[in-house]
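Readers should treat all values here as calculations from the given coordinates under stated rules, not as data from a laboratory. Please read all numbers here as calculations on a predicted model, not as lab measurements. Here the Cβ positions follow ideal geometry from the backbone for every residue, glycine too, while neighbour counts run over all protein chains shown.
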Amino acid sequence: MTRKILAVVAACVFMLGIGCTTSYDKMIKKSEESFYFGKYKDAAKSLLPEVNKEGKDQLLFMMECGLMLHAAGDYPNSNKVLLAASALSERIAKSISKEALSLFLNDTVTNYRGEDFEVVLVHMYLGINFLMLKDADSARVEFKKVNDLLAEIQVLSGRAYKQNLMAKYLTAIAFELIGDKDNDKNDQEFAYIEYKQIVQLDPRLALVYRDLQRMAKKIDYMDDYAQYQAQYGKQDEMPEDAGELIMIYESGQGAIKASRGSLLSDKAMADGIRISLNGLTLQQGVTAAAVLASLKLAENPIPKFQKRSNKVSFLMINVDGKDIARTYMLENIEDTALKNMEDDYTKMYFKVAAGVVTKAVAAIVAGLVAKKAAEQLKKTSGVAGLIGTVVGAGVGAGLMANIKPDLRCWHTLPANLQLGRLFLKEGKYTIKIRFLDDAGNEVIGAKEGDIEIKKGAKTFFNYRTLF
């Protein structure tokens with residue numbers, strides 16, 4: 001009998017241990033602080049031990065480190081890490097049913113599989129890296145994976161994902177690069193098709209009007225060219241023998257996961273718990289009041305995404321004292337994160353509530369069994385009171401430790417991705433980047449730099465703000 005009681009105590013201590021595991025937030029804190037102070041390489045270096053070590057958070061450490069190296073302009077090493085992250089994410093189980101179950105268990109002890117949008121963005125960053133490395137073929141492959149993955153996720157999860165405009169735009173640019181290099185009309189036509197699809201997805205995107213006219217004229221689709229001129233006005237004027245500057249802008253700090261607070265403070269969750277309780281046949285000694293009391297201090301196990309700082313709405317690109325072009329937001333990462341999580345919450349809170357009730361009932365039953373065993377031991381030993389105290393504390397603490405949200409997520413993502421394009425005559429220029437809010441006011445002082453534009457070539461400039 002003593003062994004049985006000690007086994008119950010050990011189980012309760014194990015539940016306590018689960019609650020005390022080091023959180024990802026604590027492990028990433030110093031590296032994240034270095035990153036947001038602009039010390040990209042130092043931040044990445046500090047994560048390498050975790051990147052190279054198998055563990056439940058390895059995928060997250062890879063994604064963080066890969067993006068830090070990307071921000072540092074170390075595109076080859078960023079690709080090494082992100083390609084490994086892509087391979088790892090494919091190996092981790094992605095069952096939707098398992099995901100639903102994990103929302104009411106302590107998922108922090110399982111392998112992090114990545115939110116859908118995070119897995120997609122691994123390929124986005126790989127594609128951008130390849131563009132910066134002048135490898136348009138590999139970039140095109142990665143950007144195609146972005147929209148292929150979105151289509152696959154839509155089928156599996158039922159989410160109404162739209163195609164990723166940033167990926168489609170960069171796919172078109174990659175096709176242009178290959179088509180111009182090889183003088184291949186087929187690749188140029190593929191680029192044109194991408195631009196046509198972009199304007200169908202977002203007819204108000206002014207950025208694409210010039211590209212539609214420019215590519216229609218290049219591949220001699222003169223009827224289309226005339227149609228676009230009539231529709232948008234003449235947009236394709238550019239200097240003779242021009243080259244192009246393509247600005248990729250990553251703005252602000254992405255949303256991160258946060259707790260929704262008390263489990264019973266959320267009306268939908270509280271109603272779900274009460275409905276689940278009403279549908280249960282409770283064992284002797286277990287009451288609805290006892291279950292609700294045991295959940296009084298528990299956290300809602302489904303997290304929310306919370307926006308962080310993102311002060312810049314767009315960049316204005318000034319060349320030799322003249323505002324020439326601006327960036328346009330093509331991928332709103334923070335809004336995608338928030339919407340996906342809220343959609344999941346609406347679909348899953350009732351299942352989660354039922355699971356929480358089952359877990360609470362099991363914990364109360366375990367406590368009753370332990371209490372009964374302790375009373376039995378009292379007849380032969382004087383330690384029953386001590387054991388009862390330990391078991392009671394263990395069950396309560398273990399329950400609270402396990403009913404909590406998994407707050408792991410990719411902390412170094414930007415709030416959104418933007419793109420700007422401008423055509424300039426061949427030559428050297430001083431460009432000034434102005435950081436503007438929605439009202440057109442400058443958020444901080446402009447940054448200046450020198451660039452060289454070559455005839456017929458595309459020059460990429462990648463910029464990240466952290467505020």
Stretchable slack from Asp223 to Glu90, in nm (0.36 nm times residue separation minus alpha-carbon distance): 43.4 nm
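Estimate the FRET efficiency between Gln200 and Ala362 by the formula 1/(1 + (r/R0)^6), using the beta-carbon distance for r and 41 Å for R0, to the nearest 0.05.
0.20
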Order of Ile92, Ile453 - criterion: other Cβ atoms within 10 Å of each residue's Cβ, fewest first: Ile92, Ile453
Hz values of 3J(HN,Hα) by residue in region 252-263 - Karplus curve (6.51, -1.76, 1.60), Gly and Pro given as x: x, 10, x, 5, 10, 6, 9, 6, 7, x, 4, 4
Estimated D of region 421-467 in µm² per second, where Rh is the Kirkwood radius over Cα pairs and Stokes-Einstein applies at 10 °C, 1.306 mPa s: 126 µm²/s
Entries in Lys257/Lys339; Lys162/Lys257; Lys196/Lys234; Lys56/Lys359; Lys144/Lys347 that, when Cα-Cα distance is taken, lie over 20 Å: Lys162/Lys257; Lys56/Lys359; Lys144/Lys347
Distance histogram for region 57-96 (every C-alpha pair counted, 10 angstrom bins, percent rounded to whole numbers): 34, 47, 16, 3
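Hey, can you rank 429-442, 28-41 by average C-beta count inside 10 Å, highest first?
Peptide ranking by packing, descending: 28-41, 429-442.
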Residues listed by number, region 446-467, amide nitrogen under 16 Å from Asp320 label point at 7 Å toward C-beta: 449-455
Cross-link reach list, aspartates and glutamates versus Lys447, counting only Cα pairs under 17 Å and skipping chain neighbours closer than eight places: Glu250, Asp320, Asp323, Asp437
In region 175-261, GluC sites (Glu not before Pro) in a DSSP loop with at most 15 other beta-carbon atoms within 10 Å: Glu237, Glu240
Lys/Arg +1, Asp/Glu -1 at C-beta; the chain dipole; positive extreme among Leu48, Val286, Ile275: Val286
Rg to Rh, two decimals, where region 212-361 supplies the alpha carbon set and Rh follows Kirkwood: 1.32
Order of Thr281, Thr459, Thr336 - criterion: other Cβ atoms within 10 Å of each residue's Cβ, fewest first: Thr281, Thr459, Thr336
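Hey, got the dipole for the chain? About the Cα centre, +1 on K and R Cβ, -1 on D and E Cβ, debye to the nearest 20?
Charge dipole of the chain: 2380 debye, to the nearest 20.
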Reported label for calculated Cα extents along the principal axes in Å given (i) 80, 72, 44; (ii) 99, 44, 41; (iii) 89, 74, 44: (ii)
Ordering of 150-163, 253-266 by packing [mean C-beta count within 10 Å, highest first]: 253-266, 150-163
